[in-house]
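What follows draws every value from the coordinates through simple rules; no lab data is involved. Quantities reported herein were computed from a predicted structural model and do not represent experimental measurements. Note that we place each Cβ from the backbone using ideal geometry, even for glycine, and neighbour counts take in every protein chain shown.
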Amino acid sequence: MSEVTSTYATGKRKTAVARVWLKPTGSGQITVNGRSADEYFERASSRMVLRQSLEQLELLDAYDVLATVAGGGHSAQAEALRHGIARALIAEDPERRRALKQAGFLTRDSRAKERKKYGQPGARKRFQYSKR
């Protein structure tokens, strides 16, 4: 009896964190928080983004993806999922690193909301100045 092992990785974007398990079963099913990806992500652009790393390597039907996502908005969650899938693909086969790196799927997008500063209404905006 052969045991199917899954590969685990995490992906992040802003405050969204995706925990991803890849199973090499070959049906191509993507499950996010217990629901199918098409059901979980309503926007077509978000569905396209999360499949990008699998499409880059032409492995869309080679793996089942099981993921839990928390934090952030839907767009950030989709990008965190793409990051996690790319990292899991590399953990399984390091030869895939070059193609995913060139496509930019391994780079953790570190942009996040800048904190509000004291003495001003936002991160950069200043209170109105009146000379007289």
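Among all stretches of the chain without exposed GluC sites (Glu not before Pro) (DSSP loop, at most 10 other Cβ atoms within 10 Å), which one is longest? Longest site-free region, per DSSP loop and neighbour criteria: 59-113.
Can you work out the FRET efficiency for the pair Lys131 and Ser75, with r the C-beta to C-beta distance and R0 = 41 Å, to the nearest 0.05? Step by step, r from the Cβ atoms, then E = 0.45. Principal-axis analysis of the Cα atoms of the chain puts helix 44-56 at an angle of about 50° to the longest axis.
Loop sites here are chymotrypsin sites (Phe, Trp or Tyr not before Pro) outside DSSP states H, G, I, E and B with no more than 12 other Cβ atoms within 10 Å. The longest part of the chain free of them is 1-117.
The sum of -39500 (n - 2.57) across all DSSP H runs of n ≥ 4, divided by the residue count of the chain, sets its helix-only mean residue ellipticity at 222 nm to -10000 deg cm²/dmol. Centroid-to-centroid, using Cα positions, the stretch 16-93 and the stretch 94-132 are 24 Å apart. Cross-link pairs exceeding 19 Å in C-alpha to C-alpha distance, out of Lys14/Lys113; Lys12/Lys125; Lys14/Lys116, comprise Lys12/Lys125.
Could you size up the charge dipole of the chain around its Cα centre, putting +1 on the beta carbon of Lys and Arg and -1 on that of Asp and Glu, and report it in debye to the nearest 20?
1760 debye
For the chain, the longest principal axis of the C-alpha atoms and the axis of helix 74-92 are separated by about 40°. Nearest 0.05, what FRET efficiency do Glu58 and Lys113 give at R0 = 30 Å with Cβ-Cβ as r? It comes to 0.25.
How much of the DSSP beta bridge set in the chain is antiparallel, as a percent to the nearest 5?
Values: 16 of 19 bridges.
Percentage antiparallel, nearest 5: 85.
Coupling constants for the stretch 120-125 follow from the phi torsions by the Karplus curve (6.51 cos²θ - 1.76 cosθ + 1.60, θ = phi - 60°), and in residue order they are 8, x, x, 5, 10, 5 Hz; glycine and proline get x.
For the chain, the relative contact order comes to 31 percent (Cα pairs under 8 Å, sequence separation of at least 6).
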